[in-house]
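Just so you know, all these numbers are worked out from the coordinates, no wet-lab data involved. Please read these numbers as outputs of a predicted model, since none were measured by experiment. Positions of Cβ are generated from backbone atoms using ideal geometry, with glycine treated the same way; all protein chains shown enter the neighbour counts.
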Amino acid sequence: MEVIHKIGRRKTAVARVYVSDGNGNITVNKKEMKDYFTTGTLQYKVNQPLNLTGNDKTFDVKVNVYGGGITGQAEAIRLALSRAMVALDDENRTTLKPEGLLTRDPRMVERKKYGQKKARKKFQFSKR
């Protein structure tokens, strides 16, 4: 099997995932996944597509991720891994689609507007 390359995005985080045959090692930015994502919820998010398709011990995953915070990065990796699982086998789509793992979350931070304090918050208004 050749290496499968997929991209996932969330907020400002971009994850490039390289999936190859192996025994379940996940490296994120040349670190072990458990060292990069210290909390259990983030590790669960990253492993979710592999666990649902039953491929958690059959592939090695190399990830390059940058931008955003750790939660956005974990969800970007999850999307890229889901896309890679569908590229491996189209039947994986039926298990991942109902879980919402193939949907790109479009929510981004709204830009700050001039003449205002933040995106929607205004400066204090003085009547007199």
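Just a few scattered comments:
- In degrees, nearest ten, helix 70-88 long axis to first principal axis of the chain (Cα): 40
- For the chain, the longest site-free run once chymotrypsin sites (Phe, Trp or Tyr not before Pro) in DSSP loop states with at most 14 other Cβ atoms within 10 Å are removed: 1-113
- Over the chain, the fraction of Cα-Cα pairs per 5 Å bin, rounded to whole percents and listed from the shortest bin up, is 2, 11, 19, 21, 15, 9, 5, 5, 4, 3, 2, 1, 1, 0, 0.
- Phi to ³J(HN,Hα) by Karplus 6.51 cos²θ - 1.76 cosθ + 1.60 over region 108-118, Hz, x for Gly, Pro: 10, 6, 6, 6, 6, 9, 5, x, 10, 6, 9
- Distant-in-sequence amide H partners of residue 26 (H built 1.01 Å from N, under 5 Å): 33, 61
- Under Karplus coefficients 6.51, -1.76 and 1.60, residue-wise ³J(HN,Hα) of region 21-33 in Hz, glycine/proline x: 5, x, 10, x, 7, 10, 10, 10, 6, 6, 10, 5, 4
- For region 1-61, the Kirkwood estimate of hydrodynamic radius, built from reciprocal distances between every pair of different alpha carbons, is 12.3 Å.
- Region 52-126: trypsin sites (Lys or Arg not before Pro) in DSSP coil with no more than 12 other Cβ atoms inside 10 Å: 57, 104, 107, 111, 112, 113, 117, 118, 120, 121, 122
- Subtracting the Cα-Cα distance of residue 71 and residue 121 from their residue separation scaled by 0.36 nm leaves 15.5 nm.
- Using only side-chain charges placed at the Cβ, +1 for Lys and Arg and -1 for Asp and Glu, the dipole size of the chain relative to its Cα centre rounds to 1820 debye.
- Straight-line reach from residue 57: taking Cα to Cα under 30 Å and skipping same-chain neighbours fewer than 8 places apart, the lysines in range are 6, 11, 30, 31, 34, 45, 97.
- Principal-axis tilt of helix 40-53 within the chain, Cα atoms, nearest 10 degrees: 50
- Dimensionless Rg ratio for region 59-99, taking C-alpha atoms and the 2.2 N^0.38 Å reference: 1.28
- Separation between Cα centres of region 45-117 and region 8-37, rounded to whole Å: 11
- Of 72, 24, 115, the one that fluctuates the most in a GNM where the chain has Cα springs shorter than 10 Å: 115
- Cα-projected label distance for residue 29 with residue 44, points at 7 Å along beta-carbon direction, nm: 2.4
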